[in-house]
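Let me begin by presenting the structure, written as structure tokens, before commenting on it.
Rule-based calculations on the coordinates, nothing more; no lab input. Fair warning: this is a prediction, and the values are worked out from it, not measured in the lab. Neighbour counts are summed over all protein chains in view; Cβ atoms, including those assigned to glycine, are modelled from backbone coordinates with ideal geometry.
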Amino acid sequence: MPEKLEELDQTYPFGEPHEGSARSYWGAGKGKNLIVVQLESFQNFVLNASVHGQQVAPVMKKLSKESLYFPYIFQQIGVGNTSDAEFAASTSIYPIGFSAMSTTYADRKLPSLAKLLGRNNYVTATFHVNDVTFWNRDQMYPALGFHAYYDKPYFSKVKFSRFGASDEELFRVGIRKMKTMRKLDKRFYAQFVTVTSHSPYKNQRSRQASSSSRRFRRSAPRGLLDGR
């Protein structure tokens, strides 16, 4: 383990750059729009996982090879779960663990990415298909400095999972809002929090697929779908 830590220290130099040298990516995103996607219950092993020869997350794997990719990131959330992850990503403050940050610190003056970008004339918005009162987000989002949040009433009433609409619907609405901001020549920061990968992993589409599979099994010749 000490050898591994030493290897990581050499790979990721945490110290200040030498005087006169420039940081490789300093200011690289200046003036760009920022889109942050927080994937629910997503872990690193999924990137390279396959089931029956089919990749589980081919798009994410492709993106990881085209982007800056940091595999040594470890869970920092407490009992606030998803909301703690949102809080930590927005503020760089570690959750306290025994209480959800959204309920304990939503009444504080907080430093945040949304506030920083807001001061630089960005429009900031966050999207989640669940009701905004869940995890006290109706107080947390204003405390984090988001100009707007889009929750359950803004999405289709078709129930995809126990949280409401699907991630497809989440991004459909979000992309429409981002296009509007772009037409208005507004720089924006958009945060998306997905739900499809949250347990119990049963949704309308999977139930339909399961039903179709059962119908197919009844009509298929014996032995066609039998496992080994």
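A few remarks follow.
- Sequence-distant residues sharing a close amide H with residue 150 (under 5 Å, placed H): 126, 127, 128
- In this simple spin-label approximation, residue 41 and residue 75 carry label points 7 Å from Cα along the Cα→Cβ vector, and these lie 1.2 nm apart.
- Computed lengthening from residue 28 to residue 98, 0.36 nm per intervening residue step minus Cα-Cα distance: 21.4 nm
- Region 123-172 and region 39-79 have Cα centres lying 23 Å from one another.
- Cα-based reach from residue 152 at 18 Å (exclusive), listing lysines while leaving out same-chain residues under 8 positions away: 177
- Global geometry of region 18-129, whether rounded, prolate or oblate, following the gyration tensor of its Cα atoms and the 1.5 cut on a/c: oblate
- Length gained on full extension, residue 186 to residue 62, computed as 0.36 nm times the residue gap minus the Cα-Cα distance: 41.7 nm.
- Linear extension gain, residue 157 paired with residue 8, 0.36 nm per residue minus alpha-carbon span: 48.9 nm
- In this structure, the pairs whose alpha-carbon distance is over 28 Å, taken from 30/62; 62/159; 30/159, are 62/159; 30/159.
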